[in-house]
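Step one of this worksheet: look at the structure below.
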Amino acid sequence: LLCSVLIANLKFGFIFYSPAPGVYKEGSIYYLPYLFIIPQISLIIICCLKHKKILTNSVKLALIESVPVVCPCILSKLLYDNISVFVLSIVLIELILFLNFQNHRIGVNSLTNLNGSRSFFKEINTRIKKQTKFKVYLIKLQNIRIIRKNYGHKMGDEVLYLFAFNLEKLFSHGYAFNLHGATFTLVLPYSSHNTSSEESKSLLAYLEEPINYTGTPMKLDY
């Protein structure tokens, strides 16, 4: 959306325009975007102060990185009136978000597309800080090596991906993680009702059911 607005501005100049090379003038709605940015920044600050005990390291890093982004933008605007702080801020903030997204993707298993051990321990740490009850299921598949040996690594990887994909969809209120190799975990909220036994039965039923690989049932031992 922001990119579309900036592209449209190049033609219509409603945010800023350049009447001459190196000269930038404020457009008719130059200050309007700040009416949206300021409340959003204020809301972020309030949320961070309210929930500072459960902030993840990546969020803390983004906040720390925002300081050297905002200060130069304000100083540049004070020294050089023809610099658009809005555009500069958006570009730098998007860069920070991209870097944090890349940092998040580092913890994702490239084969199963599930979050790895790093995200798992972050999730556990967050729930402990929030003092919420939860339960963890540990699942280790035993015969993936045998499948790879007998049918090839490609087939073994695809079976593992199918298992992880279906495992993640098994509980809408839970989170699945791929710790390493063929070892997985499920993190579910704890309930004092009969849902715990029902969830265990559902998980066992899924583990007992063969994976349907291109029409061929493939049983996974656990």
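The values are calculated or read from the model by the stated rules, or taken from the named source; none is laboratory data. Computed from a prediction, not measured in an experiment: that's the story for all the values here. Heads up, the Cβs are rebuilt from the backbone with ideal geometry, glycines too, and the neighbour counts pull from every protein chain shown. Accessible surface areas use protein heavy atoms only, side chains included; no ligands, DNA or RNA. Shrake-Rupley method; radii C 1.70, N 1.55, O 1.52, S 1.80 Å.
Listed peptides 139-147, 201-209 appear in the order 139-147, 201-209 once ranked by packing, highest mean of other Cβ atoms within 10 Å at the front. Shape call for region 128-222 from the C-alpha gyration tensor, a ≥ b ≥ c root eigenvalues: rounded (a/c under 1.5), prolate (a/b greater than b/c) or oblate? The shape class here is prolate.
Just subtract the alpha-carbon distance of GLN142 and LYS129 from 0.36 nm times their residue separation and send over the number in nm, one decimal. Extending this stretch completely gives an extra 1.3 nm. Taking label points 7 Å from Cα along the Cα-to-Cβ direction, TYR175 and ILE7 give a separation of 3.5 nm.
Quick one: pull the percent of accessible area on region 102-175 belonging to carbon and sulfur, 1.4 Å probe, ligands and nucleic acids left out.
Details: 2490 of 4860 Å².
Of the solvent-accessible surface of region 102-175, carbon and sulfur hold 51 percent.
Cβ-Cβ distance of PHE121 and ALA20, R₀ of 41 Å, FRET efficiency by 1/(1 + (r/R0)^6): the value works out to about 0.15.
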